[in-house]
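One structure below.
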Amino acid sequence: MKDLARPNIHDLAVYKPGKPIEEVQRELGLGEVIKLASNENPLGPSPLALKALEAAVPEVYLYPDGSAYRLKQVLSNYYGGLDPDRILFANGSNELVQQLSLAFLEPGDEVVAPRPSFPRYEPLARMMNARTVDVPLVDYRVDLSAMRRAVTERTKLVYICNPNNPTGTIVTKAELNTFLDGLHENCLVVLDEAYFEYVDDPSYPDGLDYLLQGERRVVVLRTFSKCFGLAGLRIGYALADPEIIAFLERVREPFNVNTLAQVAAEAALQDQEHKQRVVELNRREREFLCGEFERLGIEYIKSEANFILFNAGRDEKEVFQGMLRRGVIIRGGFGYRTWLRVTIGTRDQNEKFIEALQSVLTEG
Ligand SMILES: Cc1ncc(COP(=O)(O)O)c(C=O)c1O
């Protein structure tokens, strides 16, 4: 059978998502389990989105609007009248990474990405027989000067995950400006801004500003999975030059964004209060967790997102398992021997996480 599959996918790793709650309950016979592993939103979606979903359920026998016309209008207004031709929705922003690969990568092209970062940039490039160039983080930050040095004439895509997953650190406007300065025209700079809504740091570059200033090489990826609490519906979007969007349209499956995702996203965009509640909870709880890490003498990386990378000081796999046995799912496997990532939850969840972590670190 091996000869059937394209050689370049033979040793691609299968993506391992954060463990689902039910699986942990089943496998370990646990009652209450909390999941702080996939950077989901602990408050869930806006009540307006839930209401819109209920109303739309009877419509699911119809195909969705493939062009997401109404949602595009709403998002265009949300961004102050952005040209709808600069917007493309997808089945999660993850799908846009795949579309970028399909539309732009030829065998032998190069893709530059930080490491560790969101783990889909590399396999989706290799699937197209492109060469991936990983640039290690420095001090847990994306090293844009090293990434710039890694760019060659063959580089077609550069991924900048900002804030970076799993570290939560950002690149600044000044760093991004230097990076873009003199970069060749045949290269797209993909700003993956999945955690955009959570950022407080004023030096953070808003990718959309670059587009509005006429920077045609920038592609911005954002999502409804995080701050808007719609991860299970799968919807994200790209903001880019209309010509780039038109190429992505050519490789897009006709009905890639389902009806329920479209109506929920539309309603979610209209509930600014809920969004504000989510961002404020995250800000408050980020501070709480940092305070707890300090109290316990646990090293951590200051985060601009809804997760924190911390140093358990023990083998990360053992800590992960110990936490699991105590009913708390977190995430490791980033290539750091003793570091793991926790998603910021509600106060109750965060207290349970800290309690379990203390217990793991004292009792094993
Ligand atoms: C940096 C980053 N980009 C993209 C995604 C994918 O998000 P979506 O649910 O929109 O596919 C994630 C999800 O964890 C992420 O962390």
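The values are calculated or read from the model by the stated rules, or taken from the named source; none is laboratory data. What you see is a predicted model; the values in this text were computed from it and never measured. Here the Cβ is made from the backbone with ideal geometry for all residues, glycine too, and neighbour counts use every protein chain on show. Note: accessible area is taken over every heavy atom of the protein model, side chains too, but ligands, DNA and RNA are not part of it. Shrake-Rupley method; radii C 1.70, N 1.55, O 1.52, S 1.80 Å.
Calculate what fraction, in whole %, of the accessible area of region 47-270 sits on carbon and sulfur atoms when a 1.4 Å probe is rolled over the protein chains. Walk me through the intermediate numbers first.
Working: 4800 of 9230 Å².
Exposed carbon and sulfur together represent 52 percent of the surface.
Rounded to whole Å and ordered largest first, report the semi-axes of the equivalent ellipsoid of region 155-268 derived from its Cα gyration tensor (root of 5λ).
Over the Cα atoms of region 155-268, the ellipsoid semi-axes are 25, 19, 11 Å.
When His10, His274, His184 are compared by accessible area at a 1.4 angstrom probe, the order from most to least is His10, His184, His274. When shorter helices are ignored and each DSSP H run of at least 4 residues is given -39500 (n - 2.57), the per-residue value for the chain at 222 nm works out to -11500 deg cm²/dmol.
So with the 1.4 Å probe, I'd like the accessible area per residue for the chain, rounded to whole Å².
46
Considering only the other residues whose Cβ falls under 9 Å of the Cβ of Ile245, what net charge follows from Lys and Arg at +1 and Asp and Glu at -1? Don't jump to the answer; show the numbers that get you there.
Numbers: positive: Arg86; negative: Asp85, Asp241, Glu243, Glu249.
Result for the neighbourhood of Ile245: -3.
Rounded if a/c is under 1.5, else prolate if a/b beats b/c, else oblate: with a ≥ b ≥ c from the C-alpha gyration tensor eigenvalues square-rooted, which is region 210-267?
Cα axes put region 210-267 in the oblate bin.
Remark: C-alpha extents of the chain on the principal axes read 57, 53, 51 Å, sorted largest to smallest.
Label sites at Glu355 and Met127, each approximated as a point 7 angstrom past Cα along Cα to Cβ, lie 4.2 nm apart.
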